[in-house]
1. Pairs, please: C-beta under 7 Å, at least 6 apart or cross-chain, first residue farther than 17 Å from Arg419 by Cα and in segment 43-67, second modelled with pLDDT under 95 and open to solvent by less than 90 Å² (accessible area, probe 1.4 Å)?
2. Condition check: β-branched (Val, Ile, Thr), within 27 Å of Arg452 (Cα to Cα) and surrounded by 14 or more Cβ atoms within 10 Å (Cβ to Cβ). Does Thr81 satisfy that?
3. Out of all the residues in segment 72-79, is one or more assigned to a loop (DSSP other than H, G, I, E, B) and touching a Ser or Thr at 6+ places or on another chain (Cβ under 9 Å)?
4. Could we say that Glu408 is open to solvent by 60 Å² or more (accessible area, probe 1.4 Å), assigned to a loop (DSSP other than H, G, I, E, B) and of a type outside the set (A, V, I, L, M, F, W, C) here?
5. Considering (1) in contact with a helix residue (DSSP H, G or I) (Cβ under 7 Å, 6 or more places away or on another chain); (2) surrounded by 24 or more Cβ atoms within 10 Å (Cβ to Cβ); (3) of a type in the set (Ser, Thr, Tyr), say which one Ser247 fails and leave the rest.
6. Which numbered condition trips up Asp317, out of (1) out of contact with any helix residue (DSSP H, G or I) (no Cβ under 8 Å at 6 or more places or on another chain); (2) open to solvent by 10 Å² or more (accessible area, probe 1.4 Å); (3) in contact (Cβ under 8 Å) with a residue 40 or more places away in the chain; (4) in a helix (DSSP H, G or I)?
7. If I ask for residues that are exposed (fewer than 10 other Cβ atoms within 10 Å of the Cβ) and either under 23 Å from Ala28 (Cα atoms) or not charged (D, E, K, R) (or both), which ones from segment 45-65 would you list?
8. Here are some residues: Lys229, Lys257. Which one is within 15 Å of Val187 (Cβ to Cβ) and basic (Lys, Arg)?
Amino acid sequence: MAKASGMQAKMLRLAQERDLFEQAKSYAYDYMARAFKRNVFPSEAALKNLSVFDEPLTELPGDPAEMLRMLHEYGSPAAVTSTGGRYFGFVVGSVFPPVMAAKWLGDVWDQLTALYVSSPIMAKLEAVSEKWLVELFGLPPQTVAGFVSGSSMAIVCGLAAARYELLKRAGWDVNAQGLFGAPPIRVVVGAEAHSTVFKALALLGLGKERVELAPVDEQGRMLVSQLPKLDSNTLVILQAGNVNSGSFDPLDELCDKANAAGAWVHVDGAFGLWAAASANQRHLTRGLEKADSWSVDAHKTLNTPYDSGIALCKHRDALVSALQATGAYILYSENRDGMLYTPEMSRRGRSLEIWATLKILGKSGVEELVDGLCQRARQFADQMRAQGFRVLNEVVFNQVLIACDTPEETTSTLQKLQRAGECWCGAGNWHNTPVMRVSVCSWATTAEDIDRSVAAFVKAREEAQG
């Protein structure tokens, strides 16, 4: 038998020892213990210290313990504390501690989730998670789910299924014949659709500039009365949660019109689709089940670790036909083969974290999570108004748009707020006005976190005023 190489022998030995894993665990515990108290954004010193990573690749192997020490000493202080309670940027959720523990175990498994034969456990968790999600959202029972990196890719999957099915109805096989000479597909979207919708349309060859933009109201909701006349070769893209205002399109009425015309409806619900899981918020998604496909993130409102997007479609054949791969070495089975529902063959086991989160929360826990985010957002808006800030949107879900008296003051206040690091939110532009965009998306955000954050806004405004 051939002797193991030096590298192999070393790695086999390290796989049997616990020292490095105990070291990493210690660093992780240290980070988590500080996460709810430390500044949200790294200090200037922490950012400057990142220069230690600017080094040439060494000729000889490095010391594993030193590698971990370097990551914790210089990397941990430069991490953005999005897992804490005072990060309000980009609609980024946190992580539940038990799910992080499950993720650690899944990372050690390091499964290829393409097929049942490559990971029976991941296939089972995907199947169970799919069933639970369909039930939570109140979708048709035949709905299938693909577990992808985020809602950007989930939108691509949903629109790919729509493209395949609409052209199939017109007698055209887009897989075999491509788009050259294909019957045209009309695309109707709201005037304030998210940029990822247009990116997906561009990637799929449907053109981001040839869409028909439907008028919206002052909150970004599509106006039913001004919806273009639809037909059976139309793709209609609706929104459950405007990225700025958090508003929801009137899904029930719009889906009725689309269904009557034979159009395909896709709902972009990156963070807002979770409203369907709460009795108190479900009115926002009335009629959701009448659509054909949906896209949603778990790493936003559900607070799973990154990355975790879900493509949902009630027409299994359309989704599979749009995305499936073939090859003599691909062994599909009578069990769930996850790659049928995603563009990727190689992908990590995201369903483990979705399953774990739903397992520990249950229906009532998901509802409590969603309602809590909405409650904290309303608290944020009320306290900011009381401090003389302007709240520009109807706070219907977890989004709050804040402005000062002038655009210049808004911009300056945000810059000082972000630099201070006590809390963090992003910039936005709402009706040609700069805004401070607050997304309440972490299970860890408490009423006290809102108090501290409002005080940070007030202090930043005072500094901006000089």
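1. Qualifying pairs under 7 Å: Pro64/Leu14.
2. On the way: β-branched (Val, Ile, Thr): yes; within 27 Å of Arg452 (Cα to Cα): yes; surrounded by 14 or more Cβ atoms within 10 Å (Cβ to Cβ): yes.
Answer is yes for this residue.
3. We begin by selecting, within segment 72-79, every residue assigned to a loop (DSSP other than H, G, I, E, B); these are 79.
Filter once more, so that each one left must be touching a Ser or Thr at 6+ places or on another chain (Cβ under 9 Å): none.
Among the residues of segment 72-79, not one is assigned to a loop (DSSP other than H, G, I, E, B) and touching a Ser or Thr at 6+ places or on another chain (Cβ under 9 Å), which makes the answer no.
4. Working: open to solvent by 60 Å² or more (accessible area, probe 1.4 Å): yes; assigned to a loop (DSSP other than H, G, I, E, B): no; of a type outside the set (A, V, I, L, M, F, W, C): yes.
So Glu408 does not fit the description; no.
5. (1)
6. (3)
7. Filtering segment 45-65 for residues exposed (fewer than 10 other Cβ atoms within 10 Å of the Cβ) gives 45, 51, 54-61, 63.
Ala45, Ser51, Pro56, Leu57, Thr58, Leu60, Pro61, Asp63, listed by residue number.
8. On the way: Lys257 fails: within 15 Å of Val187 (Cβ to Cβ).
Just one listed residue meets the conditions, Lys229.
The values are calculated or read from the model by the stated rules, or taken from the named source; none is laboratory data. Computed from a predicted model, the values in this text were never measured in an experiment. Virtual Cβ from ideal backbone geometry, glycine too; neighbours counted across all protein chains shown. Surface areas here come from the heavy atoms of the whole protein model, side chains and all, with no ligands, DNA or RNA. Shrake-Rupley method; radii C 1.70, N 1.55, O 1.52, S 1.80 Å.
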